[in-house]
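**Q** Following this message is one structure expressed as structure tokens.
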Amino acid sequence: MPSLSEQTTVPSPPDVVWPLLSDPALIASCIPGAELAPDQGDGLWRGSIRVKFGPTVATFRGEVELTYDHGARTCSIEGRGIDQRGASHALASGTVTASGTDQTVLAVDGSFTVTGPLEGFANAGGVHVARALLEEFSTNLARLVAERDGGTAGKADPSEATPAAEPAPPATPPKPAPAPAGELSAGRLLWRALLSWLRSLFGGKR
């Protein structure tokens, strides 16, 4: 059972990043090729991810259960999926933790299993693919934070803040969810996975 233990950094404080991480629809928009099914919730989310293999596009469908501990800024994940032909199945579990002060460090720890035609590939290189996908997700999340915060996250002087006697109502209507990230290219992802493998082979960072 391959395991994954990785960290990535988003250049904004956890107070700004965690509310976005608590919204599965926003998270899905940061994962290339991912799409959530409408009208769902209660901790269980269904969706799909499209992967482009040259001229061919494959769709993997699945569901994930999310359990949030907002005080600890931790999310537990239990997911399962199946490819469009029903030949390969995947199970994954783990936790995502947000920490830091001026920047947010996302720590991802978990494990996964794949059965079927993709089992050999997943066992040999699944960790590197997951690592490359995490890098893309981190880049897209940082872009989303910047768009929603106007680039001012973490710049306010805490000494100038005035404590409120009670929570104030929202000043503006919620912003709509951003458009989904572009389709996931297997070729590009595998290239980044190869670079990840080479870095680990020669003792470099990730």
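**Q** Using each residue's phi in the range 132-146, evaluate 6.51 cos²θ - 1.76 cosθ + 1.60 at θ = phi - 60° and report the 3J(HN,Hα) Karplus result to the nearest Hz, with x for Gly and Pro.
**A** Per-residue couplings from phi come out as 5, 5, 4, 5, 5, 4, 4, 4, 5, 5, 4, 5, 5, 4, 5 Hz.
**Q** Determine ³J(HN,Hα), in whole Hz, for all residues of the range 69-80 in sequence, where each value follows from phi through the Karplus function 6.51 cos²θ - 1.76 cosθ + 1.60 and θ = phi - 60°; x replaces Gly and Pro.
**A** Coupling constants for the range 69-80: 10, 5, x, 8, 6, 10, 10, 8, 10, 10, x, 8 Hz.
**Q** Search the structure for amide H atoms under 5 Å from the amide H of residue 84, placed 1.01 Å from N in the peptide plane, and list their residues when 5 or more places away or on another chain.
**A** Long-range HN contacts for residue 84: 59, 61.
**Q** May I ask you to evaluate 6.51 cos²θ - 1.76 cosθ + 1.60, the Karplus curve with θ = phi - 60°, for each residue of the range 59-64 and list the ³J(HN,Hα) values in order in whole Hz, giving x for glycine and proline?
**A** 10, 10, 10, x, 9, 9
**Q** List the residues whose amide H sits under 5 Å from the amide H of residue 12, counting only those 5 or more places along or on another chain, with H placed 1.01 Å from N in the peptide plane.
**A** Answer set, sorted by chain and number: 104.
**Q** Residues with amide H under 5 Å of residue 31's amide H, sequence separation 5 or more or different chain, H placed in the peptide plane at 1.01 Å from N; which?
**A** Amide H to amide H, under 5 Å and 5 or more residues apart or across chains, residue 31 pairs with 181.
**Q** If packing is taken as the average number of other Cβ atoms within 10 Å across a peptide's residues, how do 87-99, 66-78 rank, most packed first?
**A** Packing order, densest peptide first, comes out as 87-99, 66-78.
Bear in mind that the values in this text are calculations on the coordinates, not laboratory data. This structure is a prediction, so every number in the text was calculated from the model and none was measured. Quick reminder, even Gly has a Cβ in these numbers, built from the backbone with ideal geometry, and neighbours come from all protein chains shown.
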